[in-house]
Each structure stands twice: as C-alpha cells, then as structure tokens.
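Comments concern the structure below.
The values are calculated or read from the model by the stated rules, or taken from the named source; none is laboratory data. If you're wondering where the values come from, they're calculated on a predicted model, not measured in any experiment. For neighbour counting, all protein chains shown are included, and Cβ atoms are generated from backbone atoms with ideal geometry for every residue, glycine included.
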Amino acid sequence: MKQAEKFIFFCRLMVVSILLKTTEAFSVRASLSLFYFDSTSNKSVSEHCRCGLYGLNSPLLSARGLVGIPVSDNLQACDENTHFTVTKPPWIALMERGNCSFAEKIKVATRRGATAAVIYNELGKGNNTVLMSHLGAESIVAIMIGNMKGMEILHRIESGMKVTMVIEVGKKHGPWMNQYSIFFTSVSFFIVTAATMGYFIFYSARRLRIARAQSRNQRQLKAKAKAAIEQLQLRTLKQGDKETGPDGDSCVVCIELYKPNEVVRILTCNHLFHKNCIDPWLLEHRTCPMCKCDILKVLGVEVKDVESVQVTVSSESSNVSTANEEDNRSETASSGYASVQGADGSVLEEHAPPENDNMHLVNNESQPPAVHALPHADNPSFEADETQVHEVRS
C-alpha cells in the first residue's frame with residue numbers, strides 16, 4: 001500500500017505541474033512603447049519594454065492613446081464616478097491594483113470612454129505581474145504591468161508630461177509556443193491518466209489473482225488434510241482406562257478431562273485428543289497442537305504442488321497468513337501444553353493401546369495402519385526418522 005500511496009502522490013504532483021503549465025500557456029505577454037513629451041522643453045523620450053501581461057478575458061488586440069490617471073487622490077478607480085485627466089479619445093486609463101476587483105476598474109474606464117485599461121501592481125511587488133481574471137469586462141484591452149513601471153509613468157504624468165502608450169501583442173512565436181504548450185499539456189495529462197488507470201487495473205487484477213490462488217490452495221490443503229485425517233486411528237475410551245482415571249490427562253484442545261465412551265483420535269506422534277476437537281484443528285493446521293508434527297509429511301501425502309503454487313503468490317500475503325497461522329498454533333498449544341509438559345515416557349505407554357486389552361477400535365481395518373513415532377522430547381532423532389519415512393513413501 002505504501003507504493004500505491006507514493007504513486008498517487010506522484011500523480012498529484014504531475015497534475016499540479018500540468019495545471020501550472022496550462023495557466024502559463026494561456027498567458028500572453030504585451031509589448032509597450034512609451035513616448036514621453038515635455039511641453040516646456042519640447043523634448044520627447046521613448047522607451048520600449050515587454051513588461052505587460054494581457055488579462056485572461058482581454059481581447060488580444062493592439063491599442064494606442066494618451067495615458068490618463070484618476071483625478072482624485074484615490075488612484076485605484078473603484079468609485080463609479082471616478083474621472084480621469086484625459087477624456088479625448090483615443091486614450092488609455094492607468095489605475096492602481098487593489099480595493100476592488102479587476103473587472104470593476106475596467107468597467108469604470110470603459111464607461112469613461114477609454115480604449116484600454118492598464119493596471120499596475122500594488123506597492124512592494126516590484127515589476128511582478130499576475131494573470132488577471134475580469135469576467136464581465138471584456139470590451140476593451142486590459143493588461144497588467146509591474147508596480148515600478150506603473151509608478152514611473154504616474155510620476156511623469158503628475159510632473160506635467162504627456163505620455164503616449166502603444167500596446168501590442170507579443171512576438172509572433174508567442175502563439176506558436178502557446179499551442180505547443182497546450183499540446184504538451186494535453187499529452188502529459190493523457191499519459192498520467194492512462195498510467196494511473198493502468199496501475200490500478202494491474203494492482204486490482206494482481207490482488208484478485210492472489211486471492212483466488214490462496215483460496216484454491218486452501219481447498220487443496222483441506223482436501224489432503226481430510227484424506228490424511230481418515231487414516232489416523234480412532235479409539236473409544238472405556239471405564240477403567242488410564243485416560244479416564246483420577247490421574248488422567250485432559251484434551252489439550254478443549255482442556256476437558258477424558259470421560260468413558262468418548263471417542264479420541266490418536267495422531268502419528270501417539271498424542272491423542274477428542275475426535276470432535278482435533279479433527280477441525282487438523283483440517284486447518286495439519287499439525288499436532290503439542291509437538292507440531294505434520295501429519296501430511298508423516299503419512300507421505302504429496303504437498304509439493306501446493307507449495308509451488310504458494311511460492312508464486314506474493315510474499316506479503318504469504319507472510320501475513322503464516323503469521324496468523326503461527327499465532328493460532330501458539331495460542332492453542334500454550335493453553336494446553338502446561339497440562340502435559342510434566343509427563344514422562346510412561347504417558348506414551350498409557351496412550352499406546354495394549355496388545356491383550358479388549359479396547360474397541362473404531363477405525364476400519366482396511367485403512368492403512370497409523371505410523372507410530374515418538375515426540376521430539378523423547379526421541380531426538382524424530383526429524384531424521386520422519387525424513388526417512390517420507391523418502392520411503394515418496
């Protein structure tokens with residue numbers, strides 16, 4: 001899941017970068033030509049800069065005219081009754097950003113007959129500009145310039161100079177670059193979306209395959225365990241048996257004392273339990289709750305095919321299932337192991353059926369005889385004997 005979260009985070013970063021590139025693709029620069037005329041000295045100065053940015057809703061057209069500023073001290077032109085220093089068309093309104101929306105400023109300039117509206121950024125922003133959004137005010141050209149350039153134009157007008165401004169759309173390669181950016185953005189968005197969908201489809205299919213493989217393996221193992229359980233010996237306890245006496249042991253699974261007429265099952269390791277208790281346990285775990293003896297291996301049941309399929313399943317799922325299985329084993333074994341931990345070799349003799357005793361065997365004689373093996377504690381070579389038995393049977 002951590003890999004999935006990292007991939008989703010990466011996709012989000014890609015989407016944010018794509019949106020930023022999309023915004024940049026729709027921004028169009030404006031070239032400004034400024035002509036300053038001093039009437040006292042009859043001298044004019046001109047300059048040119050590519051320092052404007054067209055508004056998002058502005059028509060991409062050229063504009064020309066004298067620059068007029070608000071007559072009042074409020075240079076933001078948010079009042080509907082704002083008047084400007086120039087009224088003869090064509091003229092361009094110069095206003096400061098702030099106190100109201102861009103659309104309201106542009107509408108005020110439009111009502112006063114301006115050909116274009118130039119809004120300079122607020123104090124402290126330098127020559128930085130932002131992409132203006134001014135829905136409802138799309139009738140005239142609207143651009144934004146930096147604060148330093150706007151204050152320079154303002155001071156020259158206040159000093160008595162006449163300022164003429166020519167606004168032109170950026171160079172011809174600008175629209176081509178915008179189209180290229182839009183194309184790149186579309187392709188990138190498509191690739192990210194396709195990759196995200198493909199990853200989740202692959203992840204879901206993989207999880208479904210793992211779930212099916214695990215379910216199939218569990219069914220196979222249960223079928224093999226059921227066949228192995230049927231080969232184990234059954235015995236009906238009688239009155240007077242050592243297991244039912246005052247010193248008799250209890251079933252490790254249910255922690256209940258053995259009683260006469262109860263049916264017990266004897267495993268390959270000579271440990272016995274209630275049939276109704278041990279059969280469900282063996283069906284799920286296939287091992288003795290006390291010594292962890294694997295009945296499938298001792299009885300020679302082939303489990304290679306199941307294990308090979310389990311190897312192909314993801315290690316994460318197999319580790320989780322193994323951990324759960326070990327927890328269940330340890331919990332049950334620890335609850336009943338204390339009752340049999342102090343038993344010595346005589347316990348095995350008590351559990352083993354005597355030859356001349358008249359005990360009743362419930363299992364069918366036609367079934368193969370159970371393999372009797374000593375537990376690990378009494379027989380250190382149990383593992384070697386188990387291996388030899390498995391090799392002979394295979």
**Request:** Consider ARG212 carefully, then state whether it is modelled with pLDDT of 90 or more, charged (D, E, K, R), surrounded by fewer than 12 Cβ atoms within 10 Å (Cβ to Cβ) and within 34 Å of the chain's Cα centre (by Cα).
**Result:** yes
**Fill in**
If you go through SER204, SER159, SER215, the only one that is under 29 Å from SER33 (Cβ atoms), out of contact with any Leu (no Cβ under 7 Å at 6 or more places or on another chain) and free of Cβ contacts under 8 Å to residues at least 12 places away in the same chain is SER159
**Prompt:** Which numbered condition trips up GLY248, out of (1) surrounded by fewer than 14 Cβ atoms within 10 Å (Cβ to Cβ); (2) assigned by TED's automatic domain parsing to the domain that holds ASP279?
**Reply:** (1)
**Request:** Among what's in segment 143-170 and is surrounded by 20 or more Cβ atoms within 10 Å (Cβ to Cβ) and of a type in the set (Val, Ile, Thr), pick the residue that is farthest from GLY52 (Cα to Cα).
**Result:** VAL163
**Complete:** So, first residue in the same structural domain as HIS134 (by TED's automatic domain parsing) and in contact (Cβ under 8 Å) with a residue 40 or more places away in the chain in segment 103-120, second residue part of a helix (DSSP H, G or I) and of a type in the set (Ser, Thr, Tyr), Cβ within less than 7 Å, six or more apart or across chains; the pairs are none
**Prompt:** When residues of segment 96-116 are filtered for being among the polar types (S, T, N, Q) and surrounded by 18 or more Cβ atoms within 10 Å (Cβ to Cβ), how many remain?
**Reply:** 2
**The lone exception for ALA77 - which of (1) farther than 23 Å from HIS134 by Cβ; (2) touching a strand residue (DSSP E or B) at 6+ places or on another chain (Cβ under 9 Å); (3) small (Gly, Ala, Ser); (4) assigned to a loop (DSSP other than H, G, I, E, B) it fails** = (1)
